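These notes are about the structure you will find just below.
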Amino acid sequence: MDYTSSQVESIVRKILGELGESAPARKSNGAIPKTGKVAMLTATKKIEVKEFAIPELQDDDILVKVEGCGVCGTDVHEWKGDPFGIIPVTLGHEGTGEIIALGKNIKFDTAGKPIKVGDKVVTSVISCGECHICRNHPANTNLCDKQGVFGLIPHDDKNPFTGWFSTHLLIRGKSATYFVVNDLDLQERMLLELACVCVHALKRAQSTGLINFNSKVLIQGLGPVGLVMCSVLRAAGVNHIIAIDGTPKRLEMAKKLGVKSVISFKDVSSLEERVRMVKQLANGVGVDFAFQCTGAPMAAKDIYEYIRRGGGLCEMGFFVNNGEYSVNPHFAMCNKEINLVGSWDYSADDYPTTMAFLRQAREMNIPIKELITHTFPLDKLNEAMEVNVAQQGIKICYVPD
Ligand SMILES: NC(=O)c1ccc[n+]([C@@H]2O[C@H](COP(=O)([O-])OP(=O)(O)OC[C@H]3O[C@@H](n4cnc5c(N)ncnc54)[C@H](O)[C@@H]3O)[C@@H](O)[C@H]2O)c1
Ligand SMILES: [Zn+2]
Ligand SMILES: [Zn+2]
């Protein structure tokens, strides 16, 4: 078959177009704003709103208009005392928003889903790709020595939009991971990162073989982590959950999420009595498995008492160094043959599983969205931190005006 030169030209143009070669350097759904604002932590307990020019977009960049971001306990720690030594920094790693511009090289998200302007997106971890873990244990990138996230990157004038406490986030860098999540609403997307911590902890707990439909499970500590852990367990088919905390609102919330029995350590101040109550609820011997979600060394010490011989424990409550405790290893672990797992953060591959959990929670009417009790705009984030420190709500979020 013979082709005319104009037909050949049209075919070549089509193929190049499909390869992205003739695509514009960026795609956007309208004008990209010249500037954006960030809520920058400039000193301990001091967040200031600052305006910067949005950098020139490159071929591998994604520009996101921020729609919301959860305030994490880690943000509060950083606000209080800068344990990571990264001030000045724009915090916020539990964020989500809409893509407003896309570099021409970006065609798929980290899971291989097609990505386009207008999609809702969340970011996950940034691993280094070079440390022992990244090279030898790629399934455990949560343990990467230089693990990073958007929201904990020290300020750099070249790109000030690296944290979700801002009007825009610029996803830049080959190791960045991000996922399209169009079917989840804003509240679900703001809870996704927190839920991922718990989905990862469930995976660690399941490695002991002790989590099943018949397990009696204890959750110690009902902050956002403990409450989401209750929800994840419910969605995974665990129906016998016992929870301990001292705040009536948090205990009530646990019941709404489907927890069978709650105990207030304020009402029942004797450990011996609490252990007796837990045993009574758990076959007379103690729970099959327990999740430690308090961040309190004293609670971490007590938890062994609630667990039956041959049971298991997931220690997930110390993302920061809150101090030590001592136990008698004969009674606490060896003689009981405790199956102990730690749980640290999550890997990017926990994200698709977590999205599935959120869909499952919705289908089961687990009212996880009720965990969001307060929202604050960009210029009120100091207040958001104070409300968090005072434990006045449960999950506090930044949502732009
Ligand atoms: N493993 C991870 O990857 C990971 C990720 C994020 C956070 N965390 C950790 O999880 C912990 C909990 O986070 P959060 O945001 O829910 O914190 P939070 O402070 O809001 O909640 C902790 C809860 O524990 C309760 N508590 C304290 N002492 C207790 C006791 N003796 N018995 C029962 N309950 C008790 C408190 O009343 C509070 O409600 C933090 O310490 C954080 O470091 C871990
Ligand atoms: Zn977090
Ligand atoms: Zn690494």
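FYI, it's all coordinate maths here, none of it is from the lab. Source: prediction; values computed, not measured. Cβ placement follows ideal geometry from the backbone for every residue including glycine, while neighbour counts extend to all protein chains displayed.
Key figures for this structure:
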| quantity | calculated |
| --- | --- |
| Anisotropy class of segment 197-342 from Cα gyration tensor, a/c 1.5 cut | rounded |
| Ratio Rg/Rh [Cα only; Rh per Kirkwood] for segment 160-213 | 1.11 |
| For the chain: relative contact order, % (alpha-carbon pairs under 8 angstrom, 6 or more apart) | 16 |
| Given charges at beta-carbon only (K, R positive; D, E negative), |dipole| of the chain in Debye | 880 |
| Positive dipole terminus of the chain, leading residue within ASN321, PRO114, SER28 (C-beta point charges) | ASN321 |
| Segment 197-342, dipole about Cα centre (Lys/Arg Cβ +1, Asp/Glu Cβ -1), debye to the nearest 20 | 420 |
| Cα centroid separation, segment 101-157 to segment 277-298 (Å) | 36 |
| Residue range of the chain that is longest and free of GluC sites (Glu not before Pro) which are both DSSP loop and sparsely packed (at most 16 other C-beta within 10 Å) | 131-323 |
| Neighbour-count ranking [beta-carbon atoms within 10 angstrom, fewest first] of TYR398, TYR306, TYR325 | TYR325, TYR306, TYR398 |
| Over 25 Å (Cα to Cα) - which of LYS113/LYS255; LYS27/LYS369; LYS34/LYS120; LYS46/LYS266; LYS216/LYS249; LYS107/LYS174 fall in this group | LYS113/LYS255; LYS27/LYS369; LYS46/LYS266 |
| Of all DSSP beta bridges in the chain, antiparallel share, percent nearest 5 | 60 |
| Förster radius 45 Å - calculated FRET efficiency between GLU370 and PHE331 (Cβ-Cβ, nearest 0.05) | 0.70 |
| Residues in segment 200-234 reached by a label modelled at MET298 [backbone nitrogen below 20 Å; 7 Å Cα→Cβ] | 219-224, 226 |
| R0 of 41 Å, Cβ-Cβ distance LYS116-MET277: FRET efficiency to nearest 0.05 | 0.15 |
| Rounded FRET efficiency, nearest 0.05, which uses the C-beta distance separating GLU56 from LYS260 and R0 of 45 Å | 0.20 |
| Signed unit charges on C-beta, dipole axis of segment 36-192, positive-most listed residue ILE126, THR162, HIS137 | HIS137 |
